[in-house]
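Novice: Could you have a look at this structure, given as structure tokens, before my questions?
Taken together, the values in this text are just the output of simple stated rules run on the coordinates, not laboratory data. The structure displayed is predicted, hence computed values, not measured ones. All Cβ positions, glycine included, derive from the backbone under ideal geometry; neighbour counts span all protein chains shown.
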Amino acid sequence: MLDEKEFIQQLLNPKTQNDAFQKLLHTYQKPLYNHIRNIVLDHDDTADVLQNTFIKVFQNLKNFKGESKLFSWMYRIATNEALTFLNQKAKKSGISSETLQSKAIDNLKADVYFDGNDIQIALHKAIVTLPKKQQLVFKMKYFEELKYEEISEILGTSVGALKASYHHAVKKIEALLTTN
């Protein structure tokens, strides 16, 4: 892609905005879908959150200060949208977000967009037992293979704290998977 500052100018310029936004969608739609899917687990919910994410990106692009990479800023929006969605869905259902996630994991086997096996479902069940921050860090590092520096920009946490969170998450998941 173009130089990021130049690309952002194209996104903000009404004359080049449509083409630039199409490039943005083409570049980030799949990685953001995967990121959101790792958080909300359900395909249909993921599609809704992804759409909301791109709407927020478009609406707030003029406020983007360039203090982080565009990628990190968009991932932060996607993360916040996914977490907000889960909390609202749990609240509407009158259940905890942990119970909501457990139900979503139970539905994965029937999900035509999920190509995992029993081991991956067991892994998801173990992940849902972790504190929210550890879940996010683990999913971003393990499934999305993001670097600690990228996760740090997205979550606004130090690299050292992320490494510690990931280490604790791995230990907890290992313990859960070896006892079951």
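Novice: Using 1/(1 + (r/R0)^6) with R0 = 35 angstrom and r between the beta carbons of THR178 and LYS69, what's the FRET efficiency to the nearest 0.05?
Specialist: Efficiency, rounded to the nearest 0.05: 0.40.
Novice: Go through region 42-59 residue by residue and turn each phi into a ³J(HN,Hα) via Karplus (6.51, -1.76, 1.60, θ = phi - 60°); whole Hz please, and just put x for glycine and proline.
Specialist: With the stated coefficients, region 42-59 comes to 8, 4, 5, 5, 4, 4, 5, 5, 4, 4, 4, 4, 5, 5, 5, 4, 4, 5 Hz.
Novice: Cα-Cα over 29 Å: which of LYS56/LYS125; LYS92/LYS139; LYS56/LYS89?
Specialist: LYS56/LYS125
Novice: What nm distance separates the two modelled labels at LYS62 and THR99, each placed 7 Å from Cα along Cα→Cβ?
Specialist: 4.3 nm
Novice: How much length is gained on full extension from GLN22 to GLN51, taking 0.36 nm per residue of separation minus their Cα-Cα distance?
Specialist: Extra length from GLN22 to GLN51 when fully extended: 9.1 nm.
Novice: Using each residue's phi in region 61-66, evaluate 6.51 cos²θ - 1.76 cosθ + 1.60 at θ = phi - 60° and report the 3J(HN,Hα) Karplus result to the nearest Hz, with x for Gly and Pro.
Specialist: Rounded to whole hertz, the list is 4, 5, 8, 5, 8, x.
Novice: Provide the per-residue ³J(HN,Hα) series for region 14-24, in order, calculated from phi with Karplus coefficients 6.51, -1.76, 1.60 and θ = phi - 60°, each as a whole number of Hz, with x at glycine and proline positions.
Specialist: x, 6, 10, 4, 4, 5, 5, 5, 4, 5, 4
Novice: Could you work out [θ]222 nm for the chain from helices alone, using -39500 (n - 2.57) per DSSP H run of at least four and dividing by all its residues? Round to the nearest 500 deg cm²/dmol.
Specialist: Counting only the DSSP helices, I get -24500 deg cm²/dmol.
Novice: Then there is this: Compute the helix-to-body angle for 132-142: its Cα long axis versus the longest principal axis of the chain, expressed 0 to 90° and rounded to tens.
Specialist: 80 degrees
Novice: Evaluate E = 1/(1 + (r/R0)^6) for GLN120 and LYS171, where r is the Cβ-Cβ distance and R0 equals 22 Å; express this FRET efficiency to the nearest 0.05.
Specialist: Efficiency, rounded to the nearest 0.05: 0.70.
Novice: Read through the labelled values (i) 37; (ii) 34; (iii) 52 and report the label of the one computed as percent of Cα pairs over 26 Å apart from the structure.
Specialist: (ii)
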